[in-house]
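The values are calculated or read from the model by the stated rules, or taken from the named source; none is laboratory data. This one's a predicted model, so the numbers in the text were calculated from it and none came from an experiment. Reconstructed Cβ throughout: ideal geometry from the backbone, glycine too, with neighbour counts over all protein chains shown.
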Amino acid sequence: AFFSDNAAAQASRKCSPRVTNESVQKAAAALKGSDHRRATNVSARLDAQQKKLNLPILPTTTIGSFPQTIELRRVRREYKAKKISEDEYVKAIKEEINKVVKLQEDLDIDVLVHGEPERNDMVEYFGEQLSGFAFTVNGWVQSYGSRCVKPPIIYGDVSRPNPMTVFWSSAAQSMTARPMKGMLTGPVTILNWSFVRNDQPRHETCYQIALSIKDEVEDLEKAGINVIQIDEAALREGLPLRKSEQAFYLDWAVHSFRITKAD
């Protein structure tokens, strides 16, 4: 009885529309056999970038995030608790972005960032907007020192229902004539900083995340964001301890990153 109940539970999970998305699986399966290397070489890309952006030889920029102040955390907390309206929240975040933009212009930075005042964590922020992710309310995990995070739980096929960063990046770009950089967390980092489903290989889940980030890259490009940064802070954190398994991991991890920006 125990085994039959377990088999029934596994079958139910596999057939659940919350877990299985056929269109996502087909898109991920179509990736096999291609390495997603860029069609043009580095020199050609540099020439195209220079014509588009007209940057100095050594352009300056920042990592992307600015300090999360007590006031910013209060605004996000009150918006989440529905103590302030969406209009009030948007106004407060835009004011913070405007301060960050002006500061960078005063410092004569070449490629600006919006400071990410709307983001709580570089993985949680994206996971909250992707299908197939769930979050705990108080499932805190110590990252290092006093820094704690709530890792997402990936329970199903991953897709991106709506643009995740386009609104804020576009708003920031409207505040300056200088290039505004879009910032995205890479698929391998999102995977490695999450609790990942155990009913399919990790690399298949990573390819699904990569396709979602690729969709976001394309929407940012359409919105006029000409510089896009994809952060893979945790690319090596998933590296297997067994040396015999490391080459395969690095192969699909790099492939996942390439998927996001190859076109």
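Below, the figures for the structure above:
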quantity: Residue tally, condition of a type in the set (A, V, I, L, M) and assigned to a strand (DSSP E or B), over segment 196-229; calculated: 3
quantity: Residues (closer than 18 Å to T205 by Cα, free of Cβ contacts under 8 Å to residues at least 60 places away in the same chain and either in a loop (DSSP other than H, G, I, E, B) or of a type outside the set (D, E, K, R) (or both)) located in segment 248-263; calculated: F248, Y249, L250, W252, V254
quantity: Residue in segment 57-64 that is surrounded by 11 or more Cβ atoms within 10 Å (Cβ to Cβ), small (G, A, S) and touching a residue at least 60 places away in the same chain (Cβ under 8 Å) present; calculated: yes
quantity: E245 of a type outside the set (S, T, Y), at pLDDT 95 or above and within 30 Å of Y89 (Cα to Cα); calculated: no
quantity: Residue among A171, A177 that alone is small (G, A, S) and free of Cβ contacts under 8 Å to residues at least 40 places away in the same chain; calculated: A177
quantity: Meets criteria (touching a residue at least 60 places away in the same chain (Cβ under 8 Å), closer than 25 Å to E96 by Cβ and under 14 Å from the mean Cα position of the chain (by Cα)) for M183; calculated: yes
quantity: Test for D199: is it surrounded by fewer than 20 Cβ atoms within 10 Å (Cβ to Cβ), closer than 20 Å to P163 by Cβ, among the charged types (D, E, K, R) and touching a residue at least 40 places away in the same chain (Cβ under 8 Å); calculated: no
quantity: Selection from segment 133-148 of residues that are surrounded by fewer than 17 Cβ atoms within 10 Å (Cβ to Cβ) and assigned to a strand (DSSP E or B); calculated: A134, V141, Q142, S143, Y144, R147, C148
quantity: Residue list for segment 31-45, restricted to those being surrounded by 11 or more Cβ atoms within 10 Å (Cβ to Cβ) and among the hydrophobic types (A, V, I, L, M, F, W, C); calculated: L31, A44
